[in-house]
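Report on the following structure.
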Amino acid sequence: MSINNDFTKNTELKKPSNQVNYLLGILGGIFAIVILVLSLQKYAVDKNNSSDQNSQFLEKNNETSIPLQDTINSNTTALFSQEEVLNFINQYYLDISNHNFTAENYFANTVLQYINRVNLTPSDINLIVNNNDDFIDNKSIIINDEIHFDRTDGNTNYYNYWVDYNCYRKSKDKYQSCKVNVEIGLDDTNKIFSYKELEIRDLLFQKAERDQREKDVANAFYDPNFTLYDLLTDEPIFPNQEGQFDIWYSSNEDPNPYHIVINKTELQDYRYYKFKTEANCIQWCNNKKSNY
């Protein structure tokens, strides 16, 4: 009997233990589910935060893209000032007259117009200049160093000015002189996009007859039967259509530049050294002063 009672007692003790285990299993499952739900919620929150951070990063990049573009634009070549335009064009003409001209130094990659030709490259312009065998020793001087801004069209600034043009025309065996109204267009890289000759005035063709006396004597004691030549450069100096000589002059005693407009009759009694341009006269004066 006692054995049976012990068995009964043991059996009764095991029942509550199984129930506890069952309850613990249920609680463990619920806990696991809770952990899973919390983990999913945390993943969703982290994803949203990551998305917000990416969005903020993109917004920040978008905000910095404008200054970046400004930086690029700020690195673009600054447009010439009025004085720089004048210096640029003067150097252009000087290189042509000195046979140092290279079109790539002055012209854009595509040139809308060059004198009477259109749609050119710098190489085309080099060929035009280098193959010129009729206009010899041509010189262009901007009259009074005056150049005027005209307009802006797209990315091109246009300027207008007059030049005093001189050359020897081989085909005519005469010297040509005239005044030319030029329009030049400079693009945003400060290169020539367009070069047009709008008008020509006071066109003259004159035959040069050299006085056989010494050059300084023939210059100072001008004989109206012959051509006057610049003392410094030995260029012929012709009167304009009104018969007036527009010249510069100086002397050994007073080596400073002076200007005068004088007719042929008066010129033969004007016993000074005579020059075609102010620059020529100044150069001669400086040379004279440096030898004192």
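Observations on the structure shown:
- Simple spin-label estimate for His259 and Asn286 in nanometres, 7 Å along Cα-Cβ: 1.9 nm
- Shape category assigned to the range 86-157 from the gyration tensor of Cα positions, a/c cut at 1.5: oblate
- Pairwise FRET efficiency - Gln91 versus Asn181, Cβ, R0 = 22 Å, nearest 0.05: 0.60
- Anisotropy class of the range 214-268 from Cα gyration tensor, a/c 1.5 cut: oblate
- Taking amide H atoms as placed 1.01 Å from N in the peptide plane, the amide H of Phe101 has no partner under 5 Å among residues 5 or more positions away or on other chains.
- C-alpha center-to-center spacing [the range 239-292, the range 130-190] in angstrom: 25 Å
- Spin-label pair Leu198/Asn155, simplified geometry with 7 Å Cα→Cβ offset, distance in nm: 2.5 nm
- Each of Glu104 and Gln82 was given a label point 7 Å from its Cα along the Cα-to-Cβ line. The distance between the two points is 3.5 nm.
- Charged neighbours of Lys276, selected by a Cβ distance under 15 Å, balance to -3 (K, R count +1; D, E count -1).
- Summed side-chain charge close to Thr102 - residues other than Thr102 whose Cβ falls under 14 Å, Lys, Arg +1, Asp, Glu -1: -2
- Asn116 sits among other residues whose Cβ lies under 15 Å from its own Cβ, and their net charge, with Lys and Arg +1 and Asp and Glu -1, is -3.
- For peptides 177-189, 130-142, 278-290, sequence by mean Cβ density within 10 Å, most packed first: 177-189, 278-290, 130-142
Values quoted throughout were computed directly from the atomic coordinates according to the rules given, and no laboratory measurement underlies them. Fair warning: this is a prediction, and the values are worked out from it, not measured in the lab. Here the Cβ is made from the backbone with ideal geometry for all residues, glycine too, and neighbour counts use every protein chain on show.
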